[in-house]
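This report concerns only the one structure given below.
The values are calculated or read from the model by the stated rules, or taken from the named source; none is laboratory data. These figures come from a predicted structure and were not determined experimentally. Cβ atoms come from the backbone with ideal geometry, glycine included; neighbour counts cover every protein chain shown.
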Amino acid sequence: MKIRTRFAPSPTGYMHIGNLRTALYEYLIAKAKGGDFLLRIEDTDQKRYVEGATDIIYDTLKMVGINWDEGPDIGGDFGPYIQSERKDLYAPYAHKLVELGGAHYCFCAEREKEYDAEGNEVICKFEDPCKRIPLEEARKRIAAGEPYTIRQTINKTGKSKYEDKVYGIIEIDYDELDEGVLLKTDGFPTYNFANVIDDHLMGITHVVRGSEYLPSTPKYNLMYDTFGWERPVYVHLPPVMKDAQHKLSKRNGDASFQDLLAKGYLPEAIINYIALLGWNPGTEQEIFSIKELEQIFSIDRLNKSPAIFDIVKLTWMNGVYIRNLPAEEFYRLAEPHLADMPANVDKRALAAALQPRIETFGQIAEQVAFVKALPDYAPELFVNKKMKTDIEVARKALPLIKEVLTDQTEWNNDALFAALKSLAEANGMKNGQILYPARIAFSGQETTPGGATELAVVLGKDECLRRIDTAIAKL
RNA sequence: GGUCCCAUCGUCUAAUGGUUAGGACAUCACCCUUUCACGGUGGUAAUAUGGGUUCGAAUCCCGUUGGGAUCACCA
């Protein structure tokens, strides 16, 4: 049978990394077996709807290469793919479930949470009295216009059992299960209900979702069973954590896909990194394109313990992707970050120096700050033990360098390097004793995108000579 | 609190009863070098804990500890 999976986000704001990973795995589970991946928007909670959130979902998935075979925008044989447009479809199933004995009408007021003296939530089991209202009487009250919900009916004896593809056999007492609302007063289904109906109607074979649903899955199974529908294969995923204690959330600065993009991470690197957060290929390869992942992904190599999102490793991986970029492509991506460079600066030369030295595009700004304005640096910068330079050496070297550069006509890296190298030789100095002071004089920075001669090319002759004068004045 | 789940270097993970417990990131050292990077070589670093089972346990079982999830007319 053809595998069908779905990504079913609710449009409530930004796409966070855990969400994206779920979508990725859903996509890969289907694609690895030549199946279909569909997109369904779950907007049954009208109160939480955020304008523009669906576009973020579309854009994000497209950008990382997760393409859906069916969805709200492209349609398909099982539409509509937006739950609010499916609204009228759910109620008949809910009433049907009442008839089959899997649910009942409930007239209780909305439950409010209770808190004890210390402000902790009081957990008490809810026993629905409406369960005992005879069906005929309930129907009369509904006909009379009384507001109602439809609640799942659960026979509280015995144990439920099912197999999850990553967690194995899960057994839970039916007594633990809550008789949750299926159809709300406003006529909308709850997530629990809409999910079951839609997944069945859309022919979803593998339900892939976060492990927080592990304990409530028996409730879904009960519905499948009562309707006489085949249960799907369950694949529950462990959470992505911010640290050992906290799940990654979109609150307070936790990485969202959009945030990472803004900081200069590449979509390919992000997707590669999160694919490995909870899954591994069983080989030592770590760099994968999404196309490669489609070939080799398998459910059995999914991990069941939570994984902490490590921005440091992502950053490293992003650096790998940046270094692998063709020079043209790198320049295209780096250029916007070089927008405020002086007009005479050779941006291509600068970009070439930058490519092996940055891990995110966001790092460009600080690396090139010196080009626009020489920082006010301390003379101590000229001291470097390894290069055997100090202030004395700089005092001797800088005037010599100035002399050579003033006469220099061919202003490119090789020519400049040759000139300075022979200057060192002529004076019985080490290369570093000439080049290190030159680099500091040009940049005023301890670390720079390139060596002295590369900086010289970027800055141009006049500016270099000016900066050497500044340096000499400092000493 | 009840229930469910999880537990290998700091982090992501490999090892599905027999390995000097492997790799990657990070970190440290060295090499290369025109600084910083890149690249190369090497090092530090882990089976939470106590009991079993077994010739043999990271691996199977039980307890403990620690962590997470869940118990909404949110998804």
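Just so you know, in the stretch A:214-245 the residues that are acidic (Asp, Glu) and over 18 Å from A:ASN155 (Cβ atoms) include one that is nearest to the chain's Cα centre (by Cα), and it is A:ASP243.
Being within 12 Å of RNA strand B (Cβ to nearest atom), under 24 Å from A:ALA369 (Cα atoms), assigned to a helix (DSSP H, G or I) and out of contact with any Ser or Thr (no Cβ under 7 Å at 6 or more places or on another chain): is that true of A:LEU398 here? In short, no. Within the stretch A:224-266, being within 30 Å of A:ALA334 (Cα to Cα), part of a loop (DSSP other than H, G, I, E, B) and in contact with a helix residue (DSSP H, G or I) (Cβ under 7 Å, 6 or more places away or on another chain) holds for A:LEU248, A:ALA255, A:LYS263, A:GLY264, A:TYR265, A:LEU266.
Could you tell me whether A:LYS33 is more than 16 Å from RNA strand B (Cβ to nearest atom), closer than 25 Å to A:ASN221 by Cβ and either in a loop (DSSP other than H, G, I, E, B) or not polar (S, T, N, Q) (or both)? Break it down into steps so the answer makes sense when it comes.
Working: more than 16 Å from RNA strand B (Cβ to nearest atom): yes; closer than 25 Å to A:ASN221 by Cβ: yes; either in a loop (DSSP other than H, G, I, E, B) or not polar (S, T, N, Q) (or both): yes.
So A:LYS33 fits the description; yes.
The requirement of being near RNA strand B (Cβ under 8 Å from one of its atoms) and under 21 Å from the mean Cα position of the chain (by Cα) is not satisfied by A:LYS291. Between A:ILE17, A:ILE29, the distinction of being more than 21 Å from A:HIS206 (Cβ to Cβ) and crowded, with 23+ Cβ neighbours inside 10 Å belongs to A:ILE17 only. If the requirement is being modelled with pLDDT of 90 or more, surrounded by 15 or more Cβ atoms within 10 Å (Cβ to Cβ) and part of a helix (DSSP H, G or I), which of these qualifies: A:LEU89, A:LEU38? A:LEU89 is the lone residue from the list that is modelled with pLDDT of 90 or more, surrounded by 15 or more Cβ atoms within 10 Å (Cβ to Cβ) and part of a helix (DSSP H, G or I). Looking across the stretch A:428-458 at every residue that is in contact with a Lys or Arg (Cβ under 7 Å, 6 or more places away or on another chain) and part of a helix (DSSP H, G or I), the one that is farthest from RNA strand B (Cβ to nearest atom) is identified as A:ALA441.
The residues on offer are A:ASN272, A:ASN221, and the sole one that is farther than 21 Å from A:PHE309 by Cβ and either part of a helix (DSSP H, G or I) or without any contact (Cβ under 8 Å) to a residue 60 or more places away in the chain (or both) is A:ASN221.
Can we say A:ALA365 is in contact with a helix residue (DSSP H, G or I) (Cβ under 7 Å, 6 or more places away or on another chain), among the small types (Gly, Ala, Ser), under 24 Å from A:LEU459 (Cα atoms) and more than 7 Å from RNA strand B (Cβ to nearest atom)? Outline the logic, then answer.
On the way: in contact with a helix residue (DSSP H, G or I) (Cβ under 7 Å, 6 or more places away or on another chain): yes; among the small types (Gly, Ala, Ser): yes; under 24 Å from A:LEU459 (Cα atoms): yes; more than 7 Å from RNA strand B (Cβ to nearest atom): yes.
Yes.
Look at (1) more than 15 Å from RNA strand B (Cβ to nearest atom); (2) surrounded by fewer than 20 Cβ atoms within 10 Å (Cβ to Cβ) and you find that A:SER84 fails only one, number (1). Residue count for the stretch A:403-440, restricted to those that are among the hydroxyl-bearing types (Ser, Thr, Tyr) and surrounded by 17 or more Cβ atoms within 10 Å (Cβ to Cβ): 1. Here is the figure for the stretch A:316-348: residues that are part of a helix (DSSP H, G or I), surrounded by fewer than 17 Cβ atoms within 10 Å (Cβ to Cβ), within 16 Å of RNA strand B (Cβ to nearest atom) and not basic (Lys, Arg) total 4.
For the subset of the stretch A:151-189 comprising residues that are more than 6 Å from RNA strand B (Cβ to nearest atom), over 16 Å from A:THR217 (Cβ atoms) and of a type in the set (Val, Ile, Thr), which member is modelled with the lowest pLDDT? Here the answer is A:THR157.
Residue count for the stretch A:405-427, restricted to those that are under 52 Å from the mean Cα position of the chain (by Cα), in a helix (DSSP H, G or I) and away from RNA strand B (no atom under 13 Å from the Cβ): 2. Looking across the stretch A:58-73, the residues that are of a type outside the set (S, T, N, Q), under 24 Å from A:TYR321 (Cβ atoms) and part of a loop (DSSP other than H, G, I, E, B) come down to A:GLY65, A:ILE66.
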